[in-house]
Structures are given as C-alpha cells and as structure tokens.
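Structure record follows, encoded as structure tokens.
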Amino acid sequence: MSIAESKGVDTIQTPAVTDSSPTTDREIEMSTQDVSVWFGKRKVLEGVSIDFPKRSVTALIGPSGCGKSTFIRTLNRLHELIPGAALAGSVMYEGKDIYDRDVDPVQIRLKIGMVFQKPNPFPSMTIRGNVLAGLKLSGMKRSNHDDIVEETLRAAGLWNEVKDRLGAAAGELSGGQAQRLVIARALAVQPHVLLMDEPCSALDPASTLKIEETIRDLSKDVTIIIVTHNMQQAVRVSDRTAFFLAAENEPGHVVEQGLTTEIFGNPQDQRTLDYVNGRFG
Amino acid sequence: MSLADPEIRDLKAAATSHRGDRVFNRIITVAAFTALAVLAGIAVFLGLQTIPAFQSQGLSFITTTAWDINTDPPTAGIWGMLYGSVLLAVIGLVIAIPASLLLSIFTVFLAPRKLAAGLTNLIDLMAAIPSVILGLWAFYILNPTAEEWQRLLNQYLGWIPIFQNASGNFLGTPFIAGFVLAIMMIPIITSVSREVLARTPPELINASESLGSSLWTMLRYVALPYGRGGIVGGIMLGLGRALGETIAVFFVLKIVFEVNWYQIIESGGGSVATLIVSRFGEVSGEFELSLLLAAGFFLFVLTLVVNVIANLIVARTGRLQK
Ligand SMILES: Nc1ncnc2c1ncn2[C@@H]1O[C@H](COP(=O)(O)OP(=O)(O)OP(=O)(O)O)[C@@H](O)[C@H]1O
Ligand SMILES: [Mg+2]
C-alpha cells in the first residue's frame, strides 16, 4: 500500500495485529478524559474516558440512542456546531486538549477525518471532484492529484468500479459505492485518525467485507474509531471495544472497555455479556 | 432465427392509470395551457399594435433613438430606451446580487437566531413596499445623497469611462435609477437565496466541516453550488421586476432620446417602461398610442430574450466541479 509512503509517515512496522497483541502497550494517539455531553439541558453522555492507541481499531458498540454518534462527534469538534451543544472533560490529541482555546478546529478536523452513517458525497461534484474535495475545502496543497485519486479510491476498494467514469456525477453511484467514495474522500486529506459512524449500515455484505478489509489495511497507518451495531464486524475489525449503555432517561456511559477478545470472550459485566450475545432489552 | 426484440412496455400509461391522478393531471394541464394562452394572447395583442409603428418607421423603430411625433413625417425609435432598460437592470443586478447573497448568507449561517428572524421579516416587508412609495423616497431622500456619492465617484474615479460626467448634473442618472432597482430586487433575491441556502442538506455541511472547510470554502464549493438553481431563479425574478419597473424609475431618471451607452453617472438615460408611462398621459393621438404599445411589445420581447440568454449562460456554467 502506498498510502503510507505518500504520507511520509515513518513506516515502522507495527506487529501485525493479532488478538493476542498487547495493544495496551502502544503509544496513545488520542484519549478522552471524563467527557460529558449535553444537548441544551439534556445530558446525553457522562464521564466517558477511553484511550485510543496509535494505529489501532476501536469499536464503539451499544444500543441505539446511547450516545455513540454524539461521542464520536466530540472527537473532531463537530459536536460544537450543533446549537445548544455543551461539553465537559477533555479530549487529548497529540498531547494537547483539542478543546483548548488556541486550537484551530479546522486543523483538528483535517487530522481527524470522519465517515458518516449516511453516504454524503457532494452532488454538485464529479467522482474525482469528490475525492479531491477536502483539498479544496481545507486549502491543503498536494501535488499529483491523479495519483491521490487512484490511491485513495483503491484504498477504499472503489477504483475498479469507477476508474472509467471519474468525470461522472457522484450522484450516479449506488449507496455502497457512494460510501466508499466518501471514505476515499476522507483519506485524501491524509488524516491521522479516522472516525467512522456505522459506515456499513447502508451496504450489502460484499461491500461491507470490502470496507472491513479497507479498515484493516488502513489501520497500518491510521487510528480508526468505528461505531457499529454489527457484533461480528466489531470482532472482525477491532482491536479494542468500548460498550456504551444508557439507562432510561439517564445519560449514556461506558459500561466496559478493553481488548475486543476480552469484551466478547470474557466480559466482566453481565450487561456486556447480554449485549454481545444479542440478549438485550 | 433470431429472437424478436422484447416489446417495450408503456410505463407512462401505467403511471397514470390511477383515476384520481388522471383527473388531476387534466385539470393541471388545462390550467397550465390557460396560462400559456393568456401569455400568447398578450403577445398577439401587442404584436398587432406594432404594425402601424413598423409601417411608418420600418426597422428604424428599434434601431434608432428619437421621439418626434409632431413633425412631418414623424420619427420614432426606441433603441435608446431598450438599451437603457438593460443598462439599468445591469446596474441594479451588480449592486443587488452581492448584497442579497451576503444578506442571505449572514441570516442563514452567521446571525443569531433572533436577529435572523428579525432580518427575515424586515426583508420580506421591504418586498411589499409599493414602488410608487420607493419612487417618492428616492426622489426626496435618495437623490440629494446620491448626488454627493456620484460627485465623489466622478472626482476620484472619473478616469474610468463609466464614471465620466461632462454636464456637472448628477441628477436623473442611470446610476440612481439602477440603485432604486437594486433596492427593489434585493428583497426578492435575498428571500429566495435564503430559503435555498437554508435547505442545504445538513449531511453535506457536516461532510464539508469534517474535511476542514472554512465558512467561505463551504459556501463556495458546497452550499452555493447546491443552491445554484434556486438562487439563479431568484435573480431572474428580480431581473424581471427590474426590466419592467416603471414608476420608481420615472421619479429618478431623466428620459433622453439619445443613447447613454455607459456614462452611468451622467444625467439622462432610457427605459421603455418609463417612456410609456411618461408619454401615456399626454399622447398626441392614435398614432403615438400605437407607438407606445409597440414599445410595450418590444419590452416584452426584450424580457424574454434576456431570460433566454441568462438561462443559456446558467446552463453553460452549471457543470460539475471536477
Ligand atoms: N442534535 C441533537 N439535539 C438534541 N438531542 C440529540 C441530538 N442528537 C442526538 N441527540 C440525543 O442524544 C442521544 C444520543 O444520540 P446518538 O445519536 O449519539 O445515539 P447513538 O448511540 O448514535 O444511536 P444510534 O445507534 O441509533 O445511531 C439520543 O437520546 C438523541 O435523542
Ligand atoms: Mg448513531
């Protein structure tokens, strides 16, 4: 994979991630400390503290409405754009709290990319235009646009399907293709962290597998945080898992977190055990 | 032996096989054609009036500029008026488009909610001001101030041809008239653009933000291209109003039967609609009346032509961003 080369990231080969690898020993890329979140007066998350080791995949799981999307949006400062949104606690990235006054949110969003639940390519742009959109939007300078387009589309597993119609409207793509286009778009600005909010919920099993492969590939260079409702997917792609839960009319919190193998194989909390085995509610 | 091509099924017929739909479709179709018929009726009525004008003046009715009805033979030509209508509209648009876009961007993306609501109401109210009131306001209040601005423009930018003024008279200029038109267009264009921009899908704004956009780049690459069609529609509405505006222009523009090509702060200009209203009350007879109706016909044609050209320009520039 050439993404690493083009990024100029030192490609110290991290040991291939196997379930037994001691992920906890890795350097921490990003972490949250005691994060609580409000929409207006309503508190929807309470005291979330999670470490995200460098170049690992962390799955966030939990029932609908427990605050996973909200949490992931606090990690690249998208949360604050919602009127009435408030936050307590800190989100550390590169040794700094990203909510500090002197931090430029635009720089944060560039380094911490995001893929949303609903595929959202820009309809007024071509396929190629979409891949390169981040460069325009952020004013980032990168040469060799053709290479970037091919590289990122390959990484997102879309290249073969669109290589002959890069000039076509992005609106022509199927939902699954659009989602892979959006992943390519996020990769083109070379993020260090990629947030994915249920990226496969609109996809068929084949595209899902493709994206999971992509995630595994990407995690050699990029730290990935993925929300998923699909337990098998969490097991297949993630090194670590955090289980979120919200009791009725209570803010959501993390019940249990750790190595994915532990969370699924030997959970400490009864609620985790029930959830990962599909016995819930 | 080859297989016959499969028969292509008629999907249109199937789509209207619901009886309620069929009835409704007919009603709508009839209504639409009625509107078209009325439009065609107006065109034919006005078109017939052009016959006497052309019989006496020939093609020079639209290629020359004159209005000497009582001479023998009378000469009349409205080129300067047609051109003037377009010039005023262009001046108006040059002022109104940026102002409206800034206003709508401010209300949608920047203003606190209460201020945005207040601004929205205010601008919608502005659209309801009758043009005669605007004309009076322009005559009594705008004129003296605008005279000053134009003097300054002439003093400092007089080396640019459009800001030349030889007569020293800064009243009755195309600039003032165009400015009044801008004031009439701004509420229309702003309202439409505001509605369009406010409907930018949040997921596109989210996508843009997560790619590190600033407000400016988000607008430029996402929101404005997305709302382009609607915004252009708003501009066309405003343009239609500007081309046909009569009374407000009547108060502030000195009609002269010479073509003022580009000296926008020089006294004197043209406007078909204003020509008609200024002569209508004192027509010298049947003949002049038919000349005025003919002028009306060409205003109608001009509006159509401008719309078609504008649409072509829009269609050409509406390509996908690569
Ligand atoms: N913009 C908002 N304004 C107010 N409340 C919100 C907003 N967005 C989310 N919430 C509330 O915050 C809570 C958490 O929502 P969130 O979208 O984070 O859940 P989730 O875990 O992602 O659920 P799902 O799995 O269904 O996507 C919910 O109760 C929701 O109603
Ligand atoms: Mg969600």
Using only helices, what value at 222 nm comes out for the protein assembly as shown when you add -39,500 (n - 2.57) per DSSP H run of length 4 or more and divide by the total residues, to the nearest 500 deg cm²/dmol? -16000 deg cm²/dmol
Which whole-number percentage describes the relative contact order of the stretch A:3-276, with Cα contacts under 8 Å and a sequence gap of 6 or more? 26 percent
Which aspartates and glutamates does A:Lys41 reach when only Cα atoms under 17 Å apart count, and residues fewer than 8 places away in its own chain are ignored? A:Glu80, A:Glu248, A:Glu250
For the stretch B:202-208, 3J(HN,Hα) per residue [Karplus equation, 6.51 cos²θ - 1.76 cosθ + 1.60, θ = phi - 60°, Hz, x = Gly/Pro]: x, 5, 6, 5, 4, 4, 5
Cα Rg, Dmax (largest Cα-Cα span) when computed across the stretch A:131-178, Å: 11.3, 30
Within the protein assembly as shown, the percent of DSSP beta bridges that are antiparallel, given to the nearest 5, stands at 60 percent
For the stretch A:138-221, shape from the Cα gyration tensor axes a ≥ b ≥ c, cut at a/c of 1.5 then a/b versus b/c, turns out oblate
Given the stretch A:127-281 reduced to its alpha-carbon atoms as identical point scatterers, what log10 I(q)/I(0) does the Debye formula return at q = 0.11, 0.17, 0.18, 0.19 Å⁻¹? -0.52, -0.98, -1.05, -1.12
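For peptide A:107-116, how many partner chain Cβ atoms fall within 10 Å of a residue's Cβ, on average?
Numbers: counts 1, 1, 6, 4, 1, 2, 3, 5, 2, 4.
Per residue, the number of nearby Cβ atoms from other chains is 3 on average.
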Between A:Glu161 and B:Phe54, with labels modelled 7 Å along Cα→Cβ, what's the label distance in nm to one decimal, could you check? 5.9 nm
To check my understanding: the extent here is largest minus smallest coordinate of the Cα atoms along each principal axis. What are those three numbers for chain B, in Å, largest first? 81, 56, 40
Would you mind telling me which residue in A:Phe116, A:Phe39, A:Phe52 has the biggest mean-square fluctuation in a Gaussian network model of chain A, where springs connect alpha carbons within a distance under 10 angstrom? A:Phe39
For the stretch A:142-155, Karplus-derived ³J(HN,Hα) couplings (6.51, -1.76, 1.60; θ = phi - 60°; whole Hz; x for glycine and proline) come out as 9, 8, 6, 4, 4, 5, 4, 4, 5, 4, 6, 5, 5, 4
Given the C-alpha centroids of the stretch A:77-112 and the stretch A:238-265, what is the distance between them in whole angstrom? 23 Å
Do any trypsin sites (Lys or Arg not before Pro) in the stretch B:1-90 lie in a loop, going by DSSP, with at most 13 other beta-carbon atoms within 10 Å of their beta carbon, and if so which? B:Arg9
When the dipole is taken about the Cα centre of the stretch A:3-276, and only Lys, Arg (+1) and Asp, Glu (-1) are charged at their Cβ, what size is it in debye, to the nearest 20? 820 debye
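With a/c under 1.5 counting as rounded, go ahead and sort the protein assembly as shown into rounded, prolate or oblate using the C-alpha gyration tensor (a ≥ b ≥ c being the square roots of the eigenvalues; past the cut-off, prolate if a/b is larger than b/c, else oblate).
Prolate, since a/c reaches 1.5 and a/b exceeds b/c.
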Hey, how many Å between the Cα centroid of the stretch A:41-73 and the Cα centroid of the stretch B:158-231? 42 Å
Once the mean 1/r over all distinct Cα pairs of the stretch A:3-276 is inverted, what Kirkwood radius in angstroms do you read off? 19.1 Å
Relative contact order %, chain B, counting alpha carbon pairs below 8 Å whose residues are six or more apart: 27 percent
Of the GluC sites (Glu not before Pro) in the stretch A:187-281, those whose Cβ has at most 14 other Cβ within 10 Å and which sit in DSSP loop: A:Glu248
Just flag the GluC sites (Glu not before Pro) in the stretch B:217-322 sitting in loop per DSSP whose Cβ has no more than 14 other Cβ atoms within 10 Å. B:Glu258, B:Glu282
Short version: ³J(HN,Hα) in whole Hz for each residue of the stretch A:96-113, in order, from phi by Karplus 6.51 cos²θ - 1.76 cosθ + 1.60 (θ = phi - 60°), x for Gly and Pro, what are they? 10, 7, 5, 8, 4, 4, 8, 8, 7, x, 5, 5, 4, 5, 6, 7, 10, x
What does DSSP give for chain A in terms of the percent of beta bridges that are antiparallel, rounded to the nearest 5? 60 percent
log10 I(q)/I(0) for the stretch B:6-68, Debye formula on C-alpha points only (no solvent), q = 0.16, 0.20, 0.30 Å⁻¹, two decimals, reads -0.72, -0.89, -1.14
Calculate, for A:His145 and A:Glu27, the FRET efficiency according to 1/(1 + (r/R0)^6) with r their C-beta to C-beta distance and R0 30 Å; round to the nearest 0.05. 0.40
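No lab work stands behind these numbers, since they all come straight from the coordinates. A quick note: this is a predicted structure, and the numbers were derived from the prediction, not measured. Neighbour counts run over all protein chains shown; Cβ positions are idealised from the backbone, glycine included.
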